[in-house]
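Peer 1: Please find one structure pasted underneath; my questions will follow.
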Amino acid sequence: MKKNKNGAKTLPREGSSFGGDPPDLIMDGSVPVPVKRLKMPHDTHQQSPSLSSSPEGPKCYLSKVKSIKNQPEKEFSSPAARCNIGSEHTRVNKRRTPTDLGTKEDVLNTDADTSFGFSFDISNSSDLENLPMNVASQREKSFPPTQFGKQSNPAFFKRPKSNISYSNLVASQKLDCSVSLPKFEPFDICLPGDRRPFMEGTHKSILRPGMVLLKYFITHDEQVEIVRTCRKLGLGPGGFYQPRYKDGAKLRLQMMCLGLDWDPQTRKYANKRTIDGSEPPCIPHEFSLLVENAIEEAHSLIKKETVSNAEDILPSMSPDTCIVNFYTTSGRLGLHQDRDESKGSLRKGLPIVSFSVGDAAEFLYGEQRDVEKAEKVVLESGDVLIFGGKSRHIFHGVSSIIPHSAPKALIEDTRLRPGRLNLTFRHY
């Protein structure tokens, strides 16, 4: 056993199987290692024990590393080629794999995240959106495949697509350039949910010339149908609303017009109401039939009581307009005259036919606009009051609503709110 210049133990050269002039051997522990059969370490920052014992010293090692770096770039085409450099049977593997890191500079750069000039957390997709397209694509190719022979696509490079676009959002919003009119909450005359013994049978009476009261003329089933129809119409276009006078005072009722609209402020009839431009619903045919039957019944009574012609005392009428009012238990209407119809209708004395449904009301009427001198009659559910001819211009109004006076069966069948539903038919 000999020692070289550096003090490392060497074996004798005799009997060497390397062929030619074999190199010196150094002892790495108890194993002899030939100096010339060096292998390139995977980590250039970690020094091999054999290199530290090389007779040529660290300078020889640095020169070999430098020569490796100066080799043509094709020898760095893959990590497999790097591992074969330095052996006696060097074979450059030119086959590219999915894990190829690209250029020589990419291989020598040990910080993968800083090789693109920035760093980000892959758990935050907002960083990826700021990547340039060429950088993002190069970054995506550097990921190893999840299965052999297949290129993996990292999930965080898939940007979610939104189903809502700006163009669709704008298209969905229709611009209305028309003049905006106030909107009114529809008033439901019935209570949510379901159904006193009910009195039927007409009790006729003539209150004054041209004024007839038909007690309980409207049957229970007809009243139920009236409530349901008015509710349906009242919740639709042109339905119930609370009107006002010219001075801004509100009427103590909810109003809806059928056929033609009547405006309390202008006291005129029109095809559309001014508050929202809606057209009033048509008068249901069943309502018109009830009006005609009530007038015929009044004529029968007049014929029995007088010798005069019934048509002269109470002219016949086919309604073309109806004002529907719903009074709550606190509702009322002052003494007034209905004289806004046409001159021809007023001159002929075409009657007004009033239906009462729900709670009873104290009805006032008289020749003068004086509550003290006015006469009073109670109008109950199912009553029909007709006044025309000489009684066409009488003052009339509602002084009060009698609470809890509506027939129990009607409330159970219709769920009508506490109050009075009043329909006044007329011919314009």
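The values are calculated or read from the model by the stated rules, or taken from the named source; none is laboratory data. Computed from a predicted structure; not experimentally measured. Every residue, glycine among them, receives a Cβ derived from its backbone with ideal geometry; neighbour counts consider all protein chains shown. In case anyone asks, the SASA skips ligands and DNA or RNA and just uses the protein heavy atoms, side chains included. Shrake-Rupley method; radii C 1.70, N 1.55, O 1.52, S 1.80 Å.
Peer 1: Sort through K250, K204 and tell me the only one that's touching a helix residue (DSSP H, G or I) at 6+ places or on another chain (Cβ under 8 Å) and modelled with pLDDT under 95.
Peer 2: Details: K250 fails: touching a helix residue (DSSP H, G or I) at 6+ places or on another chain (Cβ under 8 Å).
None of the other options fit; the residue is K204.
Peer 1: For the range 322-428, give me every one of the strands (runs of 3 or more DSSP E) that falls completely inside it and has 1 or more residues that are of a type in the set (D, E, K, R).
Peer 2: Values: elements: 333-336, 352-358, 361-366, 375-379, 384-387, 395-401, 420-426.
Because the criterion is at least 1 residues that are of a type in the set (D, E, K, R), the strands (runs of 3 or more DSSP E) in the range 322-428 that meet it are 361-366, 375-379, 420-426.
Peer 1: Now for a different question. T329 is checked against (1) at pLDDT 95 or above; (2) closer than 27 Å to K408 by Cα and fails just one. What number does that condition carry?
Peer 2: (1)
Results for (1) at pLDDT below 95; (2) within 16 Å of N422 (Cβ to Cβ); (3) surrounded by fewer than 19 Cβ atoms within 10 Å (Cβ to Cβ), shown as yes or no for each residue.
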{"residue": "F217", "(1), (2), (3)": "no, yes, no"}
{"residue": "Q223", "(1), (2), (3)": "no, yes, no"}
{"residue": "R231", "(1), (2), (3)": "no, yes, no"}
{"residue": "L235", "(1), (2), (3)": "no, no, yes"}
{"residue": "Q242", "(1), (2), (3)": "yes, yes, yes"}
{"residue": "K246", "(1), (2), (3)": "yes, no, yes"}
{"residue": "M255", "(1), (2), (3)": "no, yes, no"}
{"residue": "L258", "(1), (2), (3)": "no, yes, no"}
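Peer 1: Can you name the number of the only condition in (1) acidic (D, E); (2) touching a Lys or Arg at 6+ places or on another chain (Cβ under 8 Å); (3) in a helix (DSSP H, G or I) that E292 fails?
Peer 2: So the condition that E292 fails would be (2).
Peer 1: Report every pair of residues separated by at least 6 positions or lying on different chains whose Cβ atoms are under 6 Å apart, first residue within the range 408-428 and at positive phi and open to solvent by 20 Å² or more (accessible area, probe 1.4 Å), second part of a loop (DSSP other than H, G, I, E, B) and at pLDDT below 95.
Peer 2: R415/L191; R415/G193
Peer 1: Does the range 356-397 hold any residues that are open to solvent by less than 10 Å² (accessible area, probe 1.4 Å) and hydrophobic (A, V, I, L, M, F, W, C), and which are they?
Peer 2: Once the filter is applied, which keeps residues that are open to solvent by less than 10 Å² (accessible area, probe 1.4 Å) and hydrophobic (A, V, I, L, M, F, W, C), the range 356-397 yields V357, A360, A361, L379, V384, L385, I386, F387, I394.
Peer 1: Yes or no: the range 296-304 includes at least one residue that is touching a strand residue (DSSP E or B) at 6+ places or on another chain (Cβ under 8 Å), under 26 Å from A270 (Cα atoms) and either part of a loop (DSSP other than H, G, I, E, B) or modelled with pLDDT of 95 or more (or both).
Peer 2: No, the range 296-304 contains no residue that is touching a strand residue (DSSP E or B) at 6+ places or on another chain (Cβ under 8 Å), under 26 Å from A270 (Cα atoms) and either part of a loop (DSSP other than H, G, I, E, B) or modelled with pLDDT of 95 or more (or both).
Peer 1: Is at least one residue of the range 309-320 open to solvent by 50 Å² or more (accessible area, probe 1.4 Å), part of a helix (DSSP H, G or I) and within 14 Å of H393 (Cα to Cα)? Quick ask: steps written out before the conclusion?
Peer 2: Just the residues of the range 309-320 that are open to solvent by 50 Å² or more (accessible area, probe 1.4 Å), to begin with: 309, 311-312, 316, 318, 320.
This time we only want the ones that are part of a helix (DSSP H, G or I), so: 311-312.
Still in the list and also within 14 Å of H393 (Cα to Cα): none.
Checked the range 309-320: no residue is open to solvent by 50 Å² or more (accessible area, probe 1.4 Å), part of a helix (DSSP H, G or I) and within 14 Å of H393 (Cα to Cα).
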